[in-house]
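Every read-out reported here was derived from the displayed coordinates using simple, explicitly stated rules and does not represent laboratory data. Please read these numbers as outputs of a predicted model, since none were measured by experiment. Cβ sites come from the backbone with ideal geometry, for glycine too, and all protein chains shown count toward neighbours.
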Amino acid sequence: MTTMPASPFVQVGVLTGRSLLGLRDPRMIVMNLLQPMIMLTLFSQVFRTMADAPGFPPGVEYLDYLMPAILVTTGAQAAVWAGGGLANDLKNGVLARFRTLPVTMVAVVAARSLFDLTRSALQLLTLLVAAMLLFGFHPPGGVLGSLGALVLALVVGTGLGAVFMALAAWVKNGELLQTIGMATMFPLMFASSAFVPVGNLPGWLRAVAVVNPLTYAVDAARGFALGAAAWPALAAALGVSSVLLVAGLGLAARGVRRP
Amino acid sequence: MIHAEDVVKSFGTHTALDGVTLRVPRGTVLGLLGHNGAGKTTLINVLTTVLPPDGGTASVAGFDVVAEGAQVRSSIGLTGQYTLVDEDLTGRQNLVMIARLLGLSSRDARRHAAELLESFGLVDAADRKAGKFSGGMKRRLDLAVSLVGRPHVVFLDEPTTGLDPTSRIALWETVERLTREEGTTVLLTTQYMEEADRLADAITVLSHGRVVASGTAGELKAGLGRRTVTITPSDPALASEVLSRNGFEVGRELDAVHVPVSATREVAVVVRLLTDADVDLAALTVTEPSLDDVYLALAAQPRGVLQ
Ligand SMILES: Nc1ncnc2c1ncn2[C@@H]1O[C@H](COP(=O)(O)OP(=O)(O)O)[C@@H](O)[C@H]1O
Ligand SMILES: [Mg+2]
């Protein structure tokens, strides 16, 4: 070869660019935005009486309470998409070619992760703007607090996304992955502080919610939005997400190397 | 340039490579001939560092495929049995992406891609998605992609299987140009004797994960497969009789007579016998043995006759 292989950073850049070319598809954009909008509409209507329930923090609007959770759970669901995206990539012949090229597999999965981070950021930003303009979401934490919640949602989603990528790289089966994703994400979402205060959950659900990392992520995001930072929850959410990210990417890279 | 020594690879209880040894000198083309399931793709996977061997050693461009995988990957190009391009990207985007991954600057990558599109006759289709390419175009793009960065060693896994005759010949010409102009070392697998014959300097026959013969195309055919002389004589009955009387196996089919011969000079014998018997020949063709003939002959002989 007449050239030295590109540095891992350039490789990540090139590979992220490759995925972003696929994002230009308008159908993808609509798909990405529709689901959280539906969630937001339904939840804000169905649960609007929640704020009067006992155990609910006094003086807090349900929308202000709900929106950070919608951000976090949407970010977490995007994690399943990240796994599905990698499973799809594994079916694409070009990935088999990467195995024969001086391309590091860490760059392949990191690029996938960056791509999903970009997609998720656009999705959450649209959701946030829509909530503000259409539903009158103006939490005490202000725009800055809302953005804090959004960034945290992205961090959590990226960490979880790495786990689903690792899963995808080893099971190599998109359908199975979606099933596993649904079967874990929905219980995790509902057995958490996302939609009702943990104290209002029935006993066994409460037990799950207390150890569920999503509870900490939601509590921390909610802390930002409500203008009362929840530092311990934030530390827990960031800690768990970083561990998941590093371990997930490492395992995913090893899995992708195996044909 | 490529060196495999006693390479073993199993999938569960099935042994796909059962001690394969071969050598491809720099700048030459080795044709690896074998039926479906012979182990051709598995050997390529081992040599391109995709699969680790269970036993034996192999090196490519001087680097060990296990210990120096990264260096091997920097020296090779692969056109796989199934196309290894991104079907969601255009032909040009595929080439630019690979060039960028191999360390070319954005500008050099674009230029290199444009050159390859030009020399592979893909300029008109360059900006269409690869998924929309015809089979022949896809193979050409795949070959072009595998040549990005001018690898010293190129692996071609059944590059023309499933192609129509025109695309097949176009691809052969491309491979010939590559080896002639770039001096690239090539390992090519195929199920077609004709393809190996045309492109390869040497041929290795693989069967059930073992090398059953190797040599030049001429050696293989002369030693193993029998050619068939097909004639259209003025008097088929007389021709058959004369030839059988002189010890030839003879097959009749309408006006044609088939005579298997084991050496080139026997063609001359056939002609002389018929001339002496005053039989005129309206047509005479000599058909090369097929891969099947070679296999059948190999099955009847002890291992490694030609090695
Ligand atoms: N991943 C695999 N798992 C199990 N068996 C395999 C695998 N790959 C190849 N084989 C088996 O190994 C043998 C050789 O296959 P292959 O190398 O693909 O042959 P060829 O390329 O010559 O057609 C076949 O019997 C095939 O079924
Ligand atoms: Mg094969």
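Given charges of +1 on the Cβ of Lys and Arg and -1 on the Cβ of Asp and Glu, with all other atoms neutral, how large is the dipole of segment A:8-257 about its Cα centre, in debye to the nearest 20? The partial results should precede the final answer.
Working: 14 positive and 8 negative charges, 189 e Å.
Rounded to the nearest 20 debye, it is 900 debye.
Taking amide H positions as modeled 1.01 Å from N, with prolines and chain starts lacking one, the residues under 5 Å from B:V154 and 5 or more places away or on another chain are B:G77, B:T185, B:V186, B:L187. Springs between Cα atoms under 10 Å define the GNM used for chain A, and in it the highest mean-square fluctuation of A:G142, A:G85, A:G93 occurs at A:G93.
Listed by number, the DSSP H helices of chain A that run 15 Å or longer by alpha-carbon position along their axis and have mean Kyte hydropathy of at least 1.0 are A:26-46, A:105-135, A:142-171, A:174-190, A:231-257.
Please give the charge dipole size of the protein assembly as shown, origin at the Cα centre, charges +1 on K and R Cβ atoms and -1 on D and E Cβ atoms. Round to the nearest 20 debye. Mind dumping the intermediate values first?
Details: 45 positive and 47 negative charges, 378 e Å.
For the protein assembly as shown, the charge dipole is close to 1820 debye.
Once you have a ≥ b ≥ c as the square roots of the Cα gyration tensor eigenvalues for segment A:8-257, tell me rounded if a/c is under 1.5, and otherwise prolate or oblate according to whether a/b is larger than b/c. Let's see the in-between values first.
Details: a/c = 2.10, a/b = 1.78, b/c = 1.18.
Because a/c hits 1.5 or more and a/b exceeds b/c, segment A:8-257 counts as prolate.
Between the helical axis of B:165-182 and the longest alpha-carbon principal axis of chain B there is an angle of about 70 degrees.
Using alpha-carbon pairs under 8 Å, 6+ residues apart, how would you state the relative contact order of chain A in percent?
On the way: 360 pairs, mean separation 71.6, N = 259.
After rounding, I find 28 percent.
Counting only other chain Cβ atoms within 10 Å of each residue's Cβ, the peptide A:99-108 averages 6. Note that segment B:146-154 has calculated 3J(HN,Hα) couplings of 6, 9, 4, x, 6, x, 6, 10, 10 Hz, one per residue in order, obtained from phi through the Karplus relation 6.51 cos²θ - 1.76 cosθ + 1.60 (θ = phi - 60°); glycine and proline are x.
For the protein assembly as shown, the antiparallel share of DSSP beta bridges with both residues in that region comes to about 65%.
Between 0 and 90 degrees, the angle of helix B:236-245 with respect to the longest Cα principal axis of chain B falls at about 90 degrees.
Taking the mean number of other Cβ atoms within 10 Å as a proxy for protection, how do you rank A:69-78, B:105-114, B:78-87 from highest to lowest? Walk me through the numbers on the way to the answer.
Values: A:69-78: 27.6, B:105-114: 16.3, B:78-87: 21.7.
Result, highest mean Cβ count within 10 Å first: A:69-78, B:78-87, B:105-114.
Taking 1.002 mPa s as the viscosity and 20 °C as the temperature, the Stokes-Einstein diffusion coefficient of segment A:64-112 based on its alpha-carbon Kirkwood radius rounds to 169 µm²/s. Once backbone amide H atoms are built at 1.01 Å from N, B:G103 has A:A6 as its partners under 5 Å, excluding neighbours fewer than 5 places away on the same chain. Please compare each pair in B:K9/B:K221; B:K9/B:K129; A:K91/B:K40 to a cut-off of 27 Å on the Cα-Cα distance and tell me which ones are over it. Over 27 Å Cα-Cα: B:K9/B:K221; B:K9/B:K129. If you bin all the Cα-Cα distances of segment A:93-192 at 5 Å, starting from zero, the percentages per bin are 2, 10, 15, 18, 18, 14, 9, 7, 4, 2, 0.
Amide H contacts of B:G55: B:V8, each under 5 Å away and 5 or more positions distant or on a separate chain (H built 1.01 Å from N in the peptide plane; Pro and chain starts excluded).
What is the ratio of the Cα radius of gyration of the protein assembly as shown to 2.2 N^0.38 Å, where N is its residue count, to two decimals?
Details: Rg = 32.4 Å, N = 566, 2.2 N^0.38 = 24.5 Å.
Dividing the Cα Rg of the protein assembly as shown by 2.2 N^0.38 Å gives 1.33.
How crowded by other chains is B:42-55, given as the mean number of beta carbons from other chains within 10 Å of each beta carbon?
Values: counts 0, 0, 1, 4, 0, 1, 5, 3, 6, 3, 1, 0, 0, 0.
Partner-chain Cβ atoms within 10 Å, mean over residues of B:42-55: 2.
Along the axis of the charge dipole computed for the protein assembly as shown (Cβ charges of +1 for Lys and Arg, -1 for Asp and Glu, origin at the Cα centre), the listed residues B:P260, B:V211, A:A237 are led at the positive end by A:A237. Packing here is the average count of other Cβ atoms within 10 Å per residue, and on that basis the peptides A:31-41, A:105-115, highest first, run A:105-115, A:31-41. Look at the stretch B:141-149: the mean tally of other chain Cβ atoms within 10 Å of its residues' Cβ atoms is 2. All distinct Cα pairs of chain B go into the 1/r average, and the inverse of that average, the Kirkwood radius, is 21.4 Å.
Phi angles of segment B:192-204 translate, via the Karplus equation with coefficients 6.51, -1.76, 1.60 and θ = phi - 60°, into HN-Hα couplings of 10, 3, 4, 5, 5, 4, 6, 9, 9, 7, 9, 10, 10 Hz per residue; Gly and Pro are given as x.
For A:K172, a cut-off of 14 angstrom between C-alpha atoms picks up these aspartates and glutamates, skipping any fewer than 8 places away in its own chain: A:D89.
Listed by chain and number, the aspartates and glutamates placed with their C-alpha closer than 12 angstrom to that of B:K138 are B:D86, B:E87; residues fewer than eight positions away on the same chain are left out. Each residue of segment B:51-66 is assigned a 3J(HN,Hα), and the resulting list reads 10, x, x, 7, x, x, 10, 8, 9, 10, 6, x, 10, 6, 5, 8 Hz, derived from the Karplus form 6.51 cos²θ - 1.76 cosθ + 1.60 (θ = phi - 60°), x at Gly and Pro.
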